[in-house]
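Colleague: Submitted below is the structure of interest, expressed as structure tokens.
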Amino acid sequence: MAPTGALTHRRELRRAVRQLRARGLYVAAKWAAEQLVGLNEKTSGGSVESKVDNAKVKESGGIELRARRTPAERAEAGVEVEESEDSDQDEDALLLARSYFDTREYRRAAHALQGLSGRKATFLRFYATYLAGEKRKEEDVVDLAGPLGKSDAVNLELASLEQELSSLHRTSMLDAFGMYLYGVILRERDKHAEACVMLCASVNSYPWNWSAWLELQALCTDPDIFHSLDLKDHWMRDFFVASLFLDLQRNSEGLARYQSLYLLFPGSDHILAQTAVAHYNLREFDDAERLFEELLRVDPYRIEGMDTYSNILYVKECFAALSHLAHKSVLTEKYRSETCCIIGNYYSLKAQHEKAVLYFKRALRLNPKFLSAWTLMGHEFVEMKNTPAAIDAYRRAVDINPRDYRAWYGLGQTYEILAMPYYALYYYRRATQLRPHDARMWCAMGQCYESEQLQIYDAAIRCYKRAVNNNDREGIALNKLAKLHVNLGRHEQAAFYFRKNLERMEADQNESQEYVDALLFLGNYSKNNGSLDEAEIYCTRVLDYGGPAKEDAKAMLREIRSVQQHEDTLLSMESERSTP
Amino acid sequence: MAGSGGRGFVLTSHKVAMCILMHAYAAPSSASPPFCALPSSARHRLALFLLDQTRVTDGFLEPTFEELGEELKEDLSDVGGMLFEQLGSRLPLLCTPEELFQFFQGLKELLAPASYTSEGGRGDDESLLIQPNSLLGQFLRRCILAFNVLSFEGSGRLVVELNAYRWLESSDPRGIFEDRDGMIEGDVFDDEYEYEEDIGDLSLDGMNDLELRFRGPAGGSRRGLQSGGTDPGRQLGGRSNVAAFPIPHAAILGESGVKTRSLRTVEQVEGFLKEQAGLLEKGVGRMPKEELDANLTQLEKLAPEMVRAHYLRYLNHLQQSDYPATMDDLHRYFDYSAGMGGMSAGGASCDSSVGRFQAGLLSLGSMHAHFGHVDQAMQALNEAVRIAQQYNDDACLAHALAALCHMLFDVGAGNETYAKGESAGLRDVGTGPSLGIQQQLLLLLRRCLRRALELKLPQLVAFSRLALAKFDLKHVRRFSSLGGLENGGQLGTSPLEVCKTLRLSSYLLGDSISNGMSPHTGMSGNHATMNQQRGNNMNGNQPLTAAGNMAGGGGAWTTLTGRLGRTSDTVVKLAGTSHLLRAASWELYGSVPLVRVSALIHATCYADVASSDDVLLSYVKLAQHLAAFRGYAAAQPAFEVAAKRFPAAANSWIRTAQLQLIHDHALHRGELKLAQVACGELAASASPVIGVDMERKTEATFRHIRTLLVSGHLDEAAAVARLLFSSCYKASMQLESVLVLLLLADIHKTADSAVTGLPYALAGLTLCQVFSLDWLQASAKVTLAELWLGLGVGHAPRALLLLQQCLPMVLGHGGLELRARTNLALARCYLSDPSFSAETQMENTLDLLQQAAEEFEILEDFALAGEAYYLQALCFDRWSCVEERNIASKAFQRCMQSLNLAQASENAILPL
């Protein structure tokens, strides 16, 4: 990417950070600032130059700023105040409101803004009202929460806000931020289509608001919706698309997008974290772990996304590292759902499931929509043999995000534990729909089909074949395929799969009982097919291992030898007969 | 607030209003300000009204203030209106937590002390204290308890809600506060003065004072504020703590009602859901789906813990045949309800926290059956059986067995794969795979009955009995060998057994109705229905679509999941079903009028409780009866009535019956094209899976053969008929094979080779006798007689004898067609008899012919009517009655013309 591109990016981002902060959209501002810092190092050298550029852009950039201050002043003021279309008095009121807003006194802020007409003031008023409602809702949730955190608390401001915003929208008085807020409210009012349209309009006219993109992403529950969106081309769109692909479990595509973005923003933590998540989703744990370590090195007090890191550590059973991570997160911020999740993971790894559940519950208390906590809690309940609770937890996860394949998978597993393979199939099917290229899902389905209750072997074989085609790393499928074929008396196919399985195990240097079984079967098979030499090779390999297999192999070898001898004598007899 | 005061009992504005009314009821004078004393009758009615309010289940939302007022006025007329306005004036008094506190303190005095009895009441003239254990007392105590455990925030919220409640329905939200001021100073008082005029002895002065005391000081400041802000929160409350309870805009704007309209108690909501589910199960295609959907969405928002809403959603989607959504809802419902453990416990089936997974499987099975996925349904049901066994859930096991029985009926006997036990269909059911499917079914039914008897589940016992009766009705079996040995005794049916079982089942029903003993509801009725349909199908006349069969079944699994519907209803429903089964047995064993009687009994006595499937069935039966006795023209309107009552979902069933009728009609008229199309549609409605829907397929083929016969493709018809016969034989559908035999005889008769037809007719006749199919036997005899006639004049006496034998049956129980055929055959016998004497028998013969012709004309069978007229004309000719002869021949001509017209008609459009 040309440095000019980076330059404009820098300018845009700087402006965006200020504008977003001015409107109290801190998360988006944080994001923009992160990307700003993460921009290509080389271009950030000439700071004066860039500042000048910056000013120029501001003058030309339509929405804001009749620059009356010197650049220096502006630098001091930092972020505040770009719009000055209002009178001084209004300006003061706005300052007051912002101060209230920053101290989280939203209602006061909204009140202080009453009667002000500027766009920023209007937006801030709406936003403050909305947040006041949200705050109230959260307090209500604490009061009203049911046993598992569900509650009927709603943001009471939504209806009136929607009314006002829609009337403003009709007279096209809404700017991009207003449209964003309107979109958010529409989404909460379950008007998803309109919300999509509104958010699209918002990001098209002001692409730098990452929160708007995130809202849009949450609305794109399947690829079709994404394709139907009317989005202008912008580099922010690339971020969105990459993130969306990850969300839709199209991980490799997402990864590719992030890699190209990385060239532009080499220092961006966001990209780093997302890349790590992509690797995690692709089950490339080593890569993911490396990236997370890198991320923590750069940003040691980061908590965002660290729960994923803890998952990796969990899978890799790194007790020490996980405990360290948990300790560090507690020191950084104790009451974050991510922190609680990390601790929960740690306890889970230590097989202290009650404690783990306690922490997951705490995580959910902090954020009832924290998806992975529900799923992980489900896992814990399964471990504790509390199947109804597990099912409930998984189901909540699924209802929060129907694309959470882990929860679907967990539901399937739980029902399988209950010896209801047929019922479980539905859930596995949902999981496979979400991850058609994940061998584990196919294996799980295959196991259901071949369970002694169902015994639908054809379907099981089809599933395992899919698993094999999708690079089944754990190697369950090949072995199962081979065994199924043996049971069905299809020895030729069985031999084929045993051979493949042997190859796989040799590559993995995995020499378990499976390996011995495969050798033994192949030995037997070759012997019966008359290729004695081959059979001999297999049998001698079995001799390397102990156990009853060894004796079998010895017996078989003896048999082979005797046959060979017999043949030899026959041959010699024949040759003797023919020679005279 | 949740969990306070018992399960989900949340103190709401409505409940506060109820408490105020209770105060007015119990101790009007002790209230501050006191209520006016009510006449005792009015107090009585008020008590009833309050009782009713605590129990109604017609909705899940509590009524708004206005609605409450309307109901009050409705129930208590003038007094109600007055009470309402007093209520209205009292609610605003509760505008701070302190006042609420005082109010609830005061409520405690309403509860009678333990020693108190109303008869020996204390001197207090008008206090009717409420017994703590009475329903109202319980309600009151729950309210007080709920208030006592309320946090301060909670009571603050309640105050806010009370304010919103009072003003919610106000037409103009912005004007609320102006209104309110006006009311306080003007309207309210005016109204109150009106009461004074009405009731006279009111002393409201004290109250006015109070009002003023409360409102007075606030008035000025309020007015001052009115000009300023728009935040209504500021204007709330009369006194100091204005800012403490800001009402959000939305709470006042009516359209956001979500929050301010609160739920009724959990019991009431559950009752509402049950009722809705019952309606859904019953009224196929009569519910406004969208409305229900919207309702459910609202409910889910308000009370996500009411998992039954998911169940309703499932039912709703099931009725709309939305497969993915149905699957989704079903799984969601059972996922959640399993986790809720005790939430809906109380039945024998779900004591432990093991959950109701087996019930989920059961529902899954019936759902698949509803959608026609037989294989899947079998899998699910088998798994249900297994899981039920594993958890010792006997009730579930019995129900699963019943469902399996139904499935076996549904799958039909022809499915080789199941019979061989290959696809796991029956492996776990406990019978060896070597037995034929029918034996398996029989064993299954017995097992089901035994289990039901053990568990004392009356519905299930009744269901199994009905199913057994139907099995006996439907299946021919060897008498001496129930074990399924090859060369057992004689083949035959057992009408006596059927009758006995039917009677038994209804005795049992009577018992359980009188004892009211049944703790389980639901299921069996529906299954009986389904099987019932099958039973009717057997007759070969109306295989009715099975779609929608399981609809009820799916719903009825609430037996286990949650007791929807009321016990007596389902028992009565079963009783109704037994009448339908009786109709079926009559149809089979030979009396069309008695079929009508049974169907009529069902339609008139059980229409309100029966499932829609049952009602539909009785409608169809009656319509078919009309067709058989009054001709097609009369049946058409009956169908229209039925179609109006059951649109959409049940249509396929009506459609099938209608198609059968259209086909018959078209064949009679000779509209071959139309007949072909109808037959084709009928065949297409059967499931494409081999071995499934055998009866429907057989029926379609049967009709195809008849079409071929009428259109003159005799060879082809005979070939297809032979194929059909062999397939029937293979599938051991003996009753159908009799029909095919008779049809073959008919084909040969039409081909004028009576000799070859005879064996078929005789075989059919014998089988009819063995199987006790009286009606069919009569028809077979007529066919046989026709064949004898075809053999030559010399056989006429024999034919006559046969006809005379079956005359009582024909005249007593036969339909139009059979009667007409018999009449014609009789006339022909007389005419072909060499000893026919014109003097003595001519009158008689002519009469027969006339009757036959008229009957055929009603049936619009122009060919045969023509024949009758032709014979008539010949007779008249011989008797040289020229005028009559001309009339007859004209009639003949008319018939021929209509026939030609019909045959030439290219009409192939099925009437809808």
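The values are calculated or read from the model by the stated rules, or taken from the named source; none is laboratory data. Bear in mind that the values here come from a model prediction, so they are computed numbers and not experimental data. Ideal geometry is used to build each Cβ from the backbone, glycine not excepted, and the neighbour counts take in all protein chains shown.
Colleague: Output the number of residues of segment A:293-312 satisfying the condition of being farther than 19 Å from A:GLY267 by Cβ and among the small types (Gly, Ala, Ser).
Modeller: Number satisfying all stated conditions: 1.
Colleague: Read through the list (1) out of contact with any Phe, Trp or Tyr (no Cβ under 6 Å at 6 or more places or on another chain); (2) buried (at least 22 other Cβ atoms within 10 Å of the Cβ); (3) among the acidic types (Asp, Glu); (4) within 11 Å of another protein chain (Cβ to nearest Cβ), then give the number of the only condition that B:GLU383 fails.
Modeller: Unmet for B:GLU383, out of (1) out of contact with any Phe, Trp or Tyr (no Cβ under 6 Å at 6 or more places or on another chain); (2) buried (at least 22 other Cβ atoms within 10 Å of the Cβ); (3) among the acidic types (Asp, Glu); (4) within 11 Å of another protein chain (Cβ to nearest Cβ): (1).
Colleague: Between A:MET445, A:MET420, which is crowded, with 24+ Cβ neighbours inside 10 Å and at pLDDT below 90?
Modeller: Going through A:MET445, A:MET420 in turn, just one is crowded, with 24+ Cβ neighbours inside 10 Å and at pLDDT below 90: A:MET420.
Colleague: Step by step: first the residues of segment A:206-224, then only those that are part of a loop (DSSP other than H, G, I, E, B) and either surrounded by 19 or more Cβ atoms within 10 Å (Cβ to Cβ) or hydrophobic (A, V, I, L, M, F, W, C) (or both), then the one that is modelled with the lowest pLDDT. Which residue is that?
Modeller: Here the residue is A:CYS220.
Colleague: Turning to a different aspect of this structure: Identify, please: which residue in segment A:264-290 is among the charged types (D, E, K, R) and modelled with pLDDT under 90 and is, among those, surrounded by the most Cβ atoms within 10 Å (Cβ to Cβ)?
Modeller: Among those residues, the one meeting the criterion is A:ASP269.
Per-residue answers, yes or no, for (1) modelled with pLDDT under 90; (2) away from chain B (no Cβ under 14 Å); (3) part of a helix (DSSP H, G or I):
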{"residue": "A:SER160", "(1), (2), (3)": "yes, no, yes"}
{"residue": "A:SER166", "(1), (2), (3)": "yes, no, yes"}
{"residue": "A:MET179", "(1), (2), (3)": "no, yes, yes"}
{"residue": "A:VAL184", "(1), (2), (3)": "no, yes, yes"}
{"residue": "A:PHE226", "(1), (2), (3)": "yes, yes, yes"}
{"residue": "A:LYS232", "(1), (2), (3)": "yes, yes, no"}
{"residue": "A:ALA242", "(1), (2), (3)": "no, yes, yes"}
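Colleague: Of the residues B:GLU855, B:GLU883, B:GLU906, which single one is touching a Lys or Arg at 6+ places or on another chain (Cβ under 9 Å) and loosely packed, with under 15 Cβ neighbours inside 10 Å?
Modeller: Only one candidate passes the filter, namely B:GLU906.
Colleague: Got a number for residues in segment A:358-369 being out of contact with any Cys (no Cβ under 8 Å at 6 or more places or on another chain) and either assigned to a loop (DSSP other than H, G, I, E, B) or surrounded by 24 or more Cβ atoms within 10 Å (Cβ to Cβ) (or both)?
Modeller: Final tally of qualifying residues: 3.
Colleague: Output the number of the condition that B:SER77 fails; it satisfies all remaining conditions of (1) buried (at least 19 other Cβ atoms within 10 Å of the Cβ); (2) under 20 Å from B:ARG45 (Cα atoms).
Modeller: If we test B:SER77 against (1) buried (at least 19 other Cβ atoms within 10 Å of the Cβ); (2) under 20 Å from B:ARG45 (Cα atoms), just (1) comes out false.
Colleague: Of all residues in segment A:261-311 being in a helix (DSSP H, G or I) and of a type in the set (Lys, Arg), which is nearest to A:ASP247 (Cα to Cα)?
Modeller: Checking each candidate, the answer is A:ARG290.
Colleague: Please work out if A:ILE476 is farther than 17 Å from A:ASP508 by Cβ and among the β-branched types (Val, Ile, Thr). Outline the logic, then answer.
Modeller: Numbers: farther than 17 Å from A:ASP508 by Cβ: no; among the β-branched types (Val, Ile, Thr): yes.
It is false that A:ILE476 is farther than 17 Å from A:ASP508 by Cβ and among the β-branched types (Val, Ile, Thr).
Colleague: Just the residues that are crowded, with 21+ Cβ neighbours inside 10 Å and aliphatic (A, V, I, L, M), please, taken from segment A:390-407.
Modeller: A:ALA390, A:ILE391, A:ALA393, A:ALA397, A:VAL398, A:ALA407
Colleague: Follow-up question, since we're still on this one. Among the helices (runs of 4 or more DSSP H) lying completely within segment B:655-730, list those that include at least 3 residues that are more than 30 Å from B:GLY866 (Cα to Cα) and among the charged types (D, E, K, R).
Modeller: So the answer is B:694-711.
Colleague: Keeping to segment A:453-486, report how many residues are touching a residue at least 12 places away in the same chain (Cβ under 8 Å) and farther than 29 Å from B:VAL385 by Cα.
Modeller: Residues flagged as touching a residue at least 12 places away in the same chain (Cβ under 8 Å) and farther than 29 Å from B:VAL385 by Cα within segment A:453-486 amount to 18.
Colleague: Further question on the same structure: Return the pairs, sorted by first residue and then second, in which the second residue is at pLDDT 80 or above, the first residue lies in segment B:633-649 and is of a type in the set (Phe, Trp, Tyr), the beta carbons are less than 6 Å apart, and the residues are 6+ apart or on different chains.
Modeller: B:PHE639/B:ALA623; B:PHE639/B:GLN658
Colleague: Return the residues of segment B:47-60 that are surrounded by 19 or more Cβ atoms within 10 Å (Cβ to Cβ), of a type outside the set (S, T, N, Q) and within 30 Å of the chain's Cα centre (by Cα); say none if nothing qualifies.
Modeller: Within segment B:47-60, just B:PHE60 meets the criteria.
Colleague: Taking the condition surrounded by fewer than 16 Cβ atoms within 10 Å (Cβ to Cβ) and free of Cβ contacts under 8 Å to residues at least 12 places away in the same chain, does A:GLU293 pass?
Modeller: Values: surrounded by fewer than 16 Cβ atoms within 10 Å (Cβ to Cβ): yes; free of Cβ contacts under 8 Å to residues at least 12 places away in the same chain: yes.
So A:GLU293 fits the description; yes.
Colleague: Which one of these does A:LEU313 not meet: (1) more than 14 Å from chain B (Cβ to nearest Cβ); (2) surrounded by fewer than 24 Cβ atoms within 10 Å (Cβ to Cβ)?
Modeller: The one condition A:LEU313 does not meet is (2).
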